[in-house]
Every structure is written in structure tokens, then in C-alpha cells.
């Protein structure tokens with residue numbers, strides 16, 4: 001089976017490539033700036049350049065059994081996928097994000113039918129959440145067209161963690177390179193509302209495995225799936241586990257919740273519970289994430305091989 005990964009050198013896409021090679025012949029498509037896993041067939045193109053993207057695929061003269069797009073970021077990328085890829089495959093798996101949900105209306109736990117960010121009438125939205133939602137809308141229109149060009153599956157992971165990812169999942173300390181050292185030194189970790197919101201982290205290898213597993217699974221065609229790990233915890237617990245793994249005590253400082261969102265509307269997707277109903281994913285027969293949060297954080301910190 002031939003699999004093309006759009007991406008292949010990033011924190012997630014590199015893991016997808018590595019795991020996919022255990023079962024399939026793998027191609028990656030990147031800008032060629034960072035290394036890709038040894039053993040893949042590495043293609044080089046800027047996916048923002050539609051002509052170059054198509055030309056590189058065309059020169060390869062391959063029919064891929066599945067394409068996994070780890071770096072589809074906006075409506076233009078989605079439109080290129082639907083225009084170009086049907087010449088080379090009929091199967092596409094796309095990585096979206098839980099940021100597409102509108103934090104003001106989220107359920108606990110949320111499912112795939114939840115209310116998403118929606119800004120009708122806007123022709124351009126440079127926010128991450130807005131761009132990802134517009135990307136999804138392009139695929140959804142095709143999926144529901146009656147004559148879809150591709151068999152598409154969309155995944156909405158929340159907080160992804162693991163080797164290659166920076167830790168930190170809340171506004172003041174999100175993806176912070178210095179976070180482990182701050183915790184070791186006993187510096188205050190500032191959490192809004194003392195970190196009581198729930199999160200549902202997913203370990204990178206578990207997410208990559210799910211993306212690969214669904215490639216041949218007909219129950220996942222033309223579907224969207226939420227995905228998270230086996231544990232949902234409060235934000236503060238996430239940081240407490242990091243501190244415990246570092247064999248130190250967490251020094252927490254509360255940022256009052258009152259008025260914070262009004263001052264920082266960009267954090268609307270974080271100032272809410274981020275936990276998800278995985279029953280649809282389980283019913284489709286996709287391998288469920290199994291890495292416990294403590295084990296995964298220890299791997300992320302380099303404390304386990």
C-alpha cells in the first residue's frame with residue numbers, strides 16, 4: 001500500500017511517517033527544510049504554491065492508496081487538495097483541530113456535532129481557528145455534495161503532546177520552551193481561574209496511529225472525529241504531573257477569571273472545558289489512544305526512552 005503524507009518533518013507528521021513505514025510504502029511532501037524519517041521517499045514542494053505542489057506529485061507518477069494531510073491550514077489548502085489529489089488518490093485523511101469549536105457554546109464532553117466557529121460574510125480570517133474552520137467547510141461541502149471527489153476523514157485533536165512538542169496548554173504558559181525550567185526553579189505558574197478547566201490531551205504516537213488506522217477503514221469515510229487520550233484532567237493537574245515528573249512542587253498563581261476573557265478574546269478556545277466524547281471514534285473501530293498522561297509527559301520530558 002502506498003501512502004503520501006503531506007508534511008513529514010513536523011512533530012506530528014514525522015511520527016505519522018515513522019509509524020506508517022511499519023506497514024506501508026511512504027512518501028512525504030515538505031519544503032525540504034527539516035529532515036524527514038529515514039526510509040521515506042521525500043518529495044519537496046511548498047504546498048502554498050499550488051502549481052509546484054501539483055507538478056511534484058505529477059512527476060512522481062504514483063497512485064497513492066491514501067493521503068494523510070497533516071498541514072492543511074486554510075480553505076486554499078483544502079481547495080487544492082480537492083482539485084489536485086483526485087488524480088492521484090481517492091482517499092484523504094485531514095488533521096484539523098478542536099479550536100474550530102466555539103468556546104461559548106461547548107458541551108462537556110463535546111461531540112462532533114458541536115457548534116463551531118462561524119463568521120458568515122467574512123472573506124478572510126487570519127486566526128488559526130477561523131482558518132481551520134474554513135478549511136473544514138470546503139471538505140464538508142464536498143463530502144455532502146452527492147458526488148464527493150475524495151473519501152475524506154477529518155480529525156479534531158485537542159492538545160497534542162509528546163517528544164518534539166513544547167509543553168504548556170493554557171494562555172500564560174502555552175507551548176513554552178522554558179516551562180520545565182520555570183517549574184524546576186519554583187517560579188510561579190500563572191493559571192486563569194487556578195486551572196480548573198478540563199483538557200483532554202492526546203499523545204502524538206496515539207494520534208498518528210489513529211490517522212493511519214483509519215486509512216483503510218470504510219466506517220471512517222466522509223466523517224469527522226473528535227480524538228483525545230484516555231484521561232481528561234484539569235489544567236492544573238496537567239502542570240502538577242509535569243512538576244511531579246521533575247521531582248519538584250508546583251508553585252501556582254491564580255489569574256482571576258472575571259474579566260479575563262473580555263480582555264483576551266483570542267483565548268476563547270482555551271477558557272472552556274476541552275474534553276470530548278470519543279464514542280463515535282470507538283464505534284468506527286479505530287484504535288483508541290491508550291498512552292496515560294503521566295507516561296506521555298515523561299516521554300516528552302525525555303525521562304523515558
Residue list for the range 105-123, filter: out of contact with any helix residue (DSSP H, G or I) (no Cβ under 7 Å at 6 or more places or on another chain), closer than 18 Å to residue 268 by Cβ and at pLDDT below 70: 120, 122
Matching residues, the range 164-200, being under 23 Å from residue 98 (Cβ atoms) and assigned to a helix (DSSP H, G or I): 171, 172, 173, 179, 193, 194, 195
Some residue of the range 90-98 being more than 27 Å from residue 200 (Cβ to Cβ), surrounded by fewer than 18 Cβ atoms within 10 Å (Cβ to Cβ) and in contact (Cβ under 8 Å) with a residue 24 or more places away in the chain: yes
Qualifying position, being touching a helix residue (DSSP H, G or I) at 6+ places or on another chain (Cβ under 9 Å) and part of a strand (DSSP E or B), among 272, 226: 226
Flag for residue 294 being touching a residue at least 12 places away in the same chain (Cβ under 8 Å), more than 25 Å from residue 18 (Cβ to Cβ) and part of a helix (DSSP H, G or I): no
Only listed residue being farther than 23 Å from residue 11 by Cβ, surrounded by fewer than 16 Cβ atoms within 10 Å (Cβ to Cβ) and in contact with a helix residue (DSSP H, G or I) (Cβ under 8 Å, 6 or more places away or on another chain), chosen from 127, 196: 196
Some residue of the range 72-81 being at pLDDT 95 or above and over 30 Å from residue 276 (Cβ atoms): no
Subset of the range 238-251 (residues that are crowded, with 18+ Cβ neighbours inside 10 Å and free of Cβ contacts under 8 Å to residues at least 24 places away in the same chain): 240
Top-ranked residue of the range 24-52 - restricted to ones that are under 20 Å from residue 162 (Cβ atoms) and in contact with a helix residue (DSSP H, G or I) (Cβ under 7 Å, 6 or more places away or on another chain), ranked as surrounded by the fewest Cβ atoms within 10 Å (Cβ to Cβ): 37
Single match in 230, 265 (criterion: farther than 17 Å from residue 95 by Cβ, free of Cβ contacts under 8 Å to residues at least 40 places away in the same chain and surrounded by fewer than 21 Cβ atoms within 10 Å (Cβ to Cβ)): 265
Count of residues meeting criterion [surrounded by 18 or more Cβ atoms within 10 Å (Cβ to Cβ) and under 15 Å from residue 301 (Cβ atoms)] in the range 174-190: 3
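The values are calculated or read from the model by the stated rules, or taken from the named source; none is laboratory data. Everything quoted here is computed from the prediction, not taken from an experiment. Here the Cβ is made from the backbone with ideal geometry for all residues, glycine too, and neighbour counts use every protein chain on show.
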